[in-house]
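Working notes for the structure below.
The values are calculated or read from the model by the stated rules, or taken from the named source; none is laboratory data. Remember, it's a predicted structure, so these values are computed and weren't measured experimentally. Note that each Cβ is placed from the backbone with ideal geometry, even for glycine, and that neighbours are counted across all protein chains shown.
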Amino acid sequence: MTPAKGARRTAPESATARLTRLLTMVPWLLNRQGIDTERAAAELGVTVEQLESDLSLLFVCGYGQMPDELIEAEWEEGRVFLSNADTIARPLRLGVDEAATLIVGLRALREVSAISDTGLIDRTLAKLEAAAGAVAGPVSRIEASIDDSGIASVLGTLREAVASSRRVHLTYHVPGRDETTRRDVDPMRVIGMDGHWYLEGWCHLASDTRLFRLDRIVDLAVLDIDGTPPEGAAMRDLTEGTYRPAPDDVTVTLRLLPGARWVADYYPVESLTEVPEAEGGGSVVTLRTSDTQWLQRLLRRLGGRGIVVAPSDVAEEVRLGADAALAGYVGKC
(Lines give C-alpha, C1' and ligand atoms only; values in the text may rest on other atoms or scores of the structure.)
Protein backbone atom coordinates (compact mmCIF):
# COMPACT_ATOMS: atom_id res chain seq x y z
CA MET A 1 0.00 0.00 0.00
CA THR A 2 1.36 3.41 -0.98
CA PRO A 3 1.45 5.96 1.89
CA ALA A 4 -0.87 8.94 1.48
CA LYS A 5 0.67 12.07 0.06
CA GLY A 6 2.76 13.79 2.70
CA ALA A 7 2.13 10.97 5.17
CA ARG A 8 4.42 11.14 8.16
CA ARG A 9 5.61 8.25 10.24
CA THR A 10 8.15 7.68 12.97
CA ALA A 11 11.53 6.12 12.26
CA PRO A 12 10.86 2.77 10.57
CA GLU A 13 11.21 -0.40 12.58
CA SER A 14 14.01 -2.59 11.32
CA ALA A 15 13.09 -5.78 9.50
CA THR A 16 15.21 -7.75 11.98
CA ALA A 17 13.29 -6.39 14.97
CA ARG A 18 9.92 -7.20 13.41
CA LEU A 19 10.99 -10.68 12.32
CA THR A 20 12.20 -11.41 15.84
CA ARG A 21 8.85 -10.35 17.26
CA LEU A 22 6.87 -12.42 14.72
CA LEU A 23 8.91 -15.56 15.41
CA THR A 24 8.22 -15.11 19.11
CA MET A 25 4.57 -14.22 18.59
CA VAL A 26 3.53 -17.26 16.54
CA PRO A 27 4.27 -20.04 19.07
CA TRP A 28 3.07 -17.79 21.89
CA LEU A 29 -0.34 -17.29 20.23
CA LEU A 30 -0.58 -20.94 19.20
CA ASN A 31 -0.52 -21.86 22.89
CA ARG A 32 -3.15 -19.22 23.75
CA GLN A 33 -5.86 -19.78 21.16
CA GLY A 34 -8.76 -17.35 21.57
CA ILE A 35 -6.84 -14.85 23.71
CA ASP A 36 -8.39 -11.39 23.91
CA THR A 37 -6.81 -9.01 21.38
CA GLU A 38 -6.10 -6.25 23.91
CA ARG A 39 -4.61 -8.68 26.40
CA ALA A 40 -2.43 -10.26 23.72
CA ALA A 41 -1.14 -6.86 22.63
CA ALA A 42 -0.39 -5.83 26.23
CA GLU A 43 1.50 -9.05 27.03
CA LEU A 44 3.46 -8.89 23.78
CA GLY A 45 4.38 -5.27 24.46
CA VAL A 46 2.78 -3.78 21.33
CA THR A 47 -0.30 -1.72 20.52
CA VAL A 48 -3.48 -3.35 19.25
CA GLU A 49 -2.87 -1.67 15.90
CA GLN A 50 0.63 -3.17 15.69
CA LEU A 51 -0.66 -6.60 16.66
CA GLU A 52 -3.30 -6.48 13.93
CA SER A 53 -0.67 -5.31 11.43
CA ASP A 54 1.54 -8.26 12.39
CA LEU A 55 -1.36 -10.68 12.07
CA SER A 56 -2.11 -9.29 8.61
CA LEU A 57 1.50 -9.92 7.64
CA LEU A 58 1.28 -13.51 8.84
CA PHE A 59 -1.33 -14.17 6.14
CA VAL A 60 1.45 -14.14 3.54
CA CYS A 61 3.93 -16.13 5.65
CA GLY A 62 4.43 -19.87 5.73
CA TYR A 63 6.67 -22.68 4.57
CA GLY A 64 5.45 -22.46 0.96
CA GLN A 65 3.39 -20.35 -1.45
CA MET A 66 0.23 -22.42 -1.75
CA PRO A 67 -2.85 -21.36 0.28
CA ASP A 68 -2.65 -24.44 2.52
CA GLU A 69 1.01 -23.67 3.23
CA LEU A 70 0.35 -20.19 4.63
CA ILE A 71 -0.53 -19.22 8.19
CA GLU A 72 -4.18 -18.47 8.91
CA ALA A 73 -5.06 -15.80 11.46
CA GLU A 74 -8.43 -14.61 12.76
CA TRP A 75 -9.02 -11.67 15.11
CA GLU A 76 -12.15 -9.93 13.84
CA GLU A 77 -14.24 -10.84 16.89
CA GLY A 78 -11.79 -9.46 19.41
CA ARG A 79 -10.04 -12.79 19.97
CA VAL A 80 -6.98 -14.17 18.21
CA PHE A 81 -6.86 -17.60 16.59
CA LEU A 82 -3.91 -19.02 14.62
CA SER A 83 -3.81 -22.18 12.53
CA ASN A 84 -1.54 -23.88 10.02
CA ALA A 85 1.49 -22.48 11.88
CA ASP A 86 2.76 -25.56 13.70
CA THR A 87 5.91 -25.78 11.59
CA ILE A 88 7.10 -22.41 12.90
CA ALA A 89 6.65 -23.54 16.49
CA ARG A 90 8.88 -26.57 15.95
CA PRO A 91 12.64 -26.42 16.67
CA LEU A 92 14.64 -25.24 13.68
CA ARG A 93 16.64 -27.79 11.68
CA LEU A 94 19.91 -26.40 10.39
CA GLY A 95 21.21 -27.17 6.94
CA VAL A 96 24.85 -28.13 6.44
CA ASP A 97 25.75 -24.63 5.23
CA GLU A 98 24.00 -23.03 8.20
CA ALA A 99 25.73 -25.37 10.67
CA ALA A 100 29.11 -24.68 9.04
CA THR A 101 28.52 -20.92 9.32
CA LEU A 102 27.75 -21.26 13.03
CA ILE A 103 30.83 -23.43 13.55
CA VAL A 104 33.04 -20.82 11.89
CA GLY A 105 31.50 -18.05 13.99
CA LEU A 106 31.88 -19.95 17.26
CA ARG A 107 35.48 -20.92 16.52
CA ALA A 108 36.29 -17.32 15.70
CA LEU A 109 34.59 -16.18 18.92
CA ARG A 110 36.61 -18.71 20.91
CA GLU A 111 39.82 -17.09 19.66
CA VAL A 112 39.00 -13.85 21.45
CA SER A 113 41.48 -14.06 24.29
CA ALA A 114 39.27 -12.07 26.68
CA ILE A 115 36.68 -14.82 26.87
CA SER A 116 37.94 -16.94 29.72
CA ASP A 117 34.94 -19.23 30.18
CA THR A 118 34.67 -21.11 26.89
CA GLY A 119 32.73 -24.06 28.29
CA LEU A 120 29.41 -23.12 26.69
CA ILE A 121 31.11 -22.43 23.36
CA ASP A 122 32.92 -25.78 23.47
CA ARG A 123 29.74 -27.71 24.28
CA THR A 124 27.79 -25.98 21.51
CA LEU A 125 30.62 -26.58 19.05
CA ALA A 126 30.75 -30.27 19.93
CA LYS A 127 27.04 -30.69 19.26
CA LEU A 128 27.15 -28.75 15.99
CA GLU A 129 30.24 -30.58 14.75
CA ALA A 130 28.74 -33.97 15.60
CA ALA A 131 25.46 -33.14 13.85
CA ALA A 132 27.11 -31.61 10.78
CA GLY A 133 29.67 -34.41 10.58
CA ALA A 134 26.96 -37.06 10.60
CA VAL A 135 25.48 -35.49 7.46
CA ALA A 136 28.43 -34.05 5.58
CA GLY A 137 31.40 -36.01 6.89
CA PRO A 138 34.28 -34.66 9.03
CA VAL A 139 34.21 -30.93 9.67
CA SER A 140 37.68 -30.71 11.21
CA ARG A 141 38.93 -28.91 8.11
CA ILE A 142 36.78 -25.88 8.92
CA GLU A 143 39.07 -23.19 10.25
CA ALA A 144 38.41 -19.71 11.59
CA SER A 145 40.63 -16.86 12.62
CA ILE A 146 40.08 -13.26 13.68
CA ASP A 147 41.80 -10.50 11.74
CA ASP A 148 40.69 -7.52 13.77
CA SER A 149 43.77 -5.29 13.81
CA GLY A 150 44.32 -5.74 17.54
CA ILE A 151 40.72 -5.65 18.78
CA ALA A 152 41.15 -9.00 20.58
CA SER A 153 44.18 -7.67 22.45
CA VAL A 154 42.42 -4.42 23.43
CA LEU A 155 39.34 -6.39 24.44
CA GLY A 156 41.37 -8.68 26.70
CA THR A 157 43.20 -5.78 28.34
CA LEU A 158 39.97 -3.90 29.04
CA ARG A 159 38.24 -6.95 30.48
CA GLU A 160 41.15 -7.37 32.86
CA ALA A 161 40.90 -3.68 33.80
CA VAL A 162 37.18 -4.09 34.54
CA ALA A 163 37.81 -7.21 36.64
CA SER A 164 40.61 -5.55 38.65
CA SER A 165 38.95 -2.09 38.87
CA ARG A 166 41.95 -0.34 37.29
CA ARG A 167 41.67 3.07 35.60
CA VAL A 168 42.68 3.18 31.93
CA HIS A 169 44.19 5.95 29.83
CA LEU A 170 42.82 6.15 26.28
CA THR A 171 43.99 7.89 23.16
CA TYR A 172 40.69 7.96 21.32
CA HIS A 173 39.77 9.06 17.80
CA VAL A 174 36.46 10.92 17.43
CA PRO A 175 35.52 10.62 13.72
CA GLY A 176 32.61 13.06 14.01
CA ARG A 177 35.07 15.85 14.87
CA ASP A 178 38.05 14.24 13.13
CA GLU A 179 40.18 14.67 16.26
CA THR A 180 42.09 12.54 18.74
CA THR A 181 41.55 13.03 22.46
CA ARG A 182 43.28 11.68 25.56
CA ARG A 183 41.27 10.81 28.60
CA ASP A 184 41.26 8.72 31.79
CA VAL A 185 38.35 6.33 32.18
CA ASP A 186 37.11 4.20 35.08
CA PRO A 187 35.82 1.11 33.22
CA MET A 188 32.40 -0.32 34.07
CA ARG A 189 31.89 -2.99 31.40
CA VAL A 190 32.84 -4.16 27.94
CA ILE A 191 29.89 -4.99 25.70
CA GLY A 192 29.38 -6.12 22.12
CA MET A 193 26.50 -4.47 20.24
CA ASP A 194 25.56 -3.83 16.62
CA GLY A 195 28.68 -5.58 15.32
CA HIS A 196 31.12 -3.56 17.47
CA TRP A 197 32.79 -3.86 20.88
CA TYR A 198 32.38 -0.95 23.31
CA LEU A 199 33.94 0.13 26.59
CA GLU A 200 31.55 1.86 28.94
CA GLY A 201 33.01 3.80 31.80
CA TRP A 202 33.23 7.01 33.76
CA CYS A 203 35.15 9.52 31.65
CA HIS A 204 37.08 12.04 33.76
CA LEU A 205 37.37 14.41 30.80
CA ALA A 206 33.59 14.58 30.31
CA SER A 207 32.71 13.99 34.00
CA ASP A 208 30.03 11.57 32.82
CA THR A 209 29.46 8.00 31.65
CA ARG A 210 30.61 7.45 28.07
CA LEU A 211 30.78 4.67 25.45
CA PHE A 212 34.00 4.13 23.49
CA ARG A 213 34.22 1.94 20.40
CA LEU A 214 37.23 -0.33 20.70
CA ASP A 215 38.22 0.02 17.05
CA ARG A 216 38.60 3.79 17.63
CA ILE A 217 41.04 3.39 20.53
CA VAL A 218 44.42 4.47 19.16
CA ASP A 219 46.40 3.67 22.32
CA LEU A 220 45.54 2.09 25.65
CA ALA A 221 47.33 1.94 29.00
CA VAL A 222 46.14 0.41 32.27
CA LEU A 223 47.08 2.71 35.16
CA ASP A 224 48.08 1.63 38.65
CA ILE A 225 45.19 3.68 40.00
CA ASP A 226 41.90 2.51 41.49
CA GLY A 227 39.31 2.67 38.73
CA THR A 228 36.14 2.46 40.80
CA PRO A 229 33.60 4.85 39.23
CA PRO A 230 32.36 7.66 41.49
CA GLU A 231 29.25 7.15 43.57
CA GLY A 232 26.15 7.77 41.47
CA ALA A 233 27.77 6.82 38.17
CA ALA A 234 25.40 4.49 36.34
CA MET A 235 25.63 2.33 33.26
CA ARG A 236 23.41 3.43 30.40
CA ASP A 237 20.28 1.57 29.28
CA LEU A 238 21.32 0.08 25.93
CA THR A 239 18.16 -1.92 25.25
CA GLU A 240 17.30 0.40 22.34
CA GLY A 241 20.85 0.73 21.01
CA THR A 242 24.01 2.67 21.75
CA TYR A 243 22.89 6.07 20.46
CA ARG A 244 21.18 8.47 22.87
CA PRO A 245 20.65 12.12 21.87
CA ALA A 246 21.35 14.74 24.54
CA PRO A 247 18.55 17.09 25.63
CA ASP A 248 20.31 20.08 24.07
CA ASP A 249 21.01 18.41 20.70
CA VAL A 250 19.71 20.29 17.66
CA THR A 251 16.79 18.75 15.75
CA VAL A 252 17.50 19.04 12.03
CA THR A 253 15.13 18.34 9.13
CA LEU A 254 16.78 17.10 5.93
CA ARG A 255 15.36 16.58 2.45
CA LEU A 256 17.08 13.53 0.98
CA LEU A 257 16.84 13.27 -2.78
CA PRO A 258 16.87 9.90 -4.58
CA GLY A 259 20.30 8.35 -4.09
CA ALA A 260 20.67 9.65 -0.53
CA ARG A 261 18.05 7.39 1.10
CA TRP A 262 20.87 5.39 2.72
CA VAL A 263 21.29 8.17 5.30
CA ALA A 264 18.02 7.14 6.98
CA ASP A 265 19.25 3.55 7.23
CA TYR A 266 22.81 4.34 8.36
CA TYR A 267 22.12 7.07 10.93
CA PRO A 268 19.47 7.12 13.69
CA VAL A 269 16.54 9.31 12.58
CA GLU A 270 13.52 10.32 14.62
CA SER A 271 11.04 10.46 11.76
CA LEU A 272 10.86 9.77 8.05
CA THR A 273 8.39 11.01 5.43
CA GLU A 274 8.40 9.55 1.95
CA VAL A 275 8.10 12.15 -0.83
CA PRO A 276 5.84 11.15 -3.78
CA GLU A 277 7.55 10.55 -7.12
CA ALA A 278 5.47 13.39 -8.60
CA GLU A 279 7.25 15.77 -6.21
CA GLY A 280 10.74 14.49 -6.96
CA GLY A 281 10.81 11.39 -4.77
CA GLY A 282 13.24 10.77 -1.95
CA SER A 283 12.35 11.43 1.67
CA VAL A 284 12.36 13.97 4.48
CA VAL A 285 13.97 12.96 7.78
CA THR A 286 14.51 14.55 11.16
CA LEU A 287 17.56 13.72 13.24
CA ARG A 288 19.29 15.14 16.28
CA THR A 289 22.92 16.14 16.47
CA SER A 290 25.24 18.04 18.78
CA ASP A 291 27.81 18.53 16.02
CA THR A 292 26.87 20.69 13.04
CA GLN A 293 30.40 20.30 11.67
CA TRP A 294 29.66 16.60 11.24
CA LEU A 295 26.41 17.55 9.48
CA GLN A 296 28.29 19.82 7.07
CA ARG A 297 30.67 17.02 6.14
CA LEU A 298 27.74 14.64 5.60
CA LEU A 299 25.97 17.07 3.27
CA ARG A 300 29.13 17.69 1.25
CA ARG A 301 29.49 13.94 0.92
CA LEU A 302 25.95 13.77 -0.47
CA GLY A 303 26.97 16.11 -3.27
CA GLY A 304 23.77 18.15 -3.45
CA ARG A 305 21.43 15.23 -2.73
CA GLY A 306 20.86 16.45 0.83
CA ILE A 307 19.29 19.80 1.80
CA VAL A 308 18.73 21.32 5.26
CA VAL A 309 15.06 22.27 5.52
CA ALA A 310 15.16 23.47 9.14
CA PRO A 311 16.26 25.13 11.30
CA SER A 312 17.21 28.16 9.23
CA ASP A 313 20.35 28.99 11.23
CA VAL A 314 21.76 25.51 10.60
CA ALA A 315 20.88 25.81 6.89
CA GLU A 316 22.75 29.13 6.78
CA GLU A 317 25.73 27.64 8.63
CA VAL A 318 25.88 24.77 6.12
CA ARG A 319 25.67 27.22 3.20
CA LEU A 320 28.48 29.39 4.55
CA GLY A 321 30.60 26.32 5.22
CA ALA A 322 30.07 25.06 1.68
CA ASP A 323 30.97 28.50 0.25
CA ALA A 324 34.17 28.58 2.32
CA ALA A 325 35.11 25.05 1.22
CA LEU A 326 34.48 25.94 -2.42
CA ALA A 327 36.51 29.15 -2.13
CA GLY A 328 39.40 27.20 -0.63
CA TYR A 329 39.23 24.65 -3.40
CA VAL A 330 39.16 27.31 -6.14
CA GLY A 331 42.07 29.13 -4.52
CA LYS A 332 44.24 26.02 -4.81
CA CYS A 333 43.46 25.48 -8.49
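Counting just the residues of the stretch 120-155 that are modelled with pLDDT under 75 and part of a helix (DSSP H, G or I), which one comes out surrounded by the fewest Cβ atoms within 10 Å (Cβ to Cβ)?
First, pick out the residues of the stretch 120-155 that are modelled with pLDDT under 75: 131-150.
Next, from what is left, pick out any that are part of a helix (DSSP H, G or I): 131-136.
On the way: Ala131: 15, Ala132: 22, Gly133: 14, Ala134: 8, Val135: 11, Ala136: 13.
This residue is Ala134.
It is to be established whether one or more residues within the stretch 227-241 are in a strand (DSSP E or B), at pLDDT 85 or above and under 24 Å from Tyr198 (Cα atoms).
Looking through the stretch 227-241, none of the residues is in a strand (DSSP E or B), at pLDDT 85 or above and under 24 Å from Tyr198 (Cα atoms).
Can you run down the residue pairs with Cβ atoms below 7 Å, 6 or more apart or on separate chains, where the first is in the stretch 307-322 and under 19 Å from Ala264 (Cβ atoms) and assigned by TED's automatic domain parsing to the domain that holds Ser283 and the partner is polar (S, T, N, Q) and in a helix (DSSP H, G or I)?
Val314/Thr292; Val318/Gln296
Residues being touching an Asp or Glu at 6+ places or on another chain (Cβ under 9 Å) and in a loop (DSSP other than H, G, I, E, B): count how many of those fall in the stretch 202-217.
Total meeting the criteria: 2.
For the stretch 26-40, how many residues are assigned to a helix (DSSP H, G or I), within 12 Å of Arg79 (Cβ to Cβ) and not charged (D, E, K, R)?
Looking only at that region, the number is 3.
Out of Leu170, Leu199, Leu220, Leu158, report the one residue that is surrounded by 15 or more Cβ atoms within 10 Å (Cβ to Cβ), part of a helix (DSSP H, G or I) and modelled with pLDDT of 90 or more.
The conditions single out Leu158.
Test Ala278 against the criterion of being within 23 Å of the chain's Cα centre (by Cα) and either more than 27 Å from Ala246 (Cβ to Cβ) or among the hydrophobic types (A, V, I, L, M, F, W, C) (or both), and give yes or no.
In short, no.
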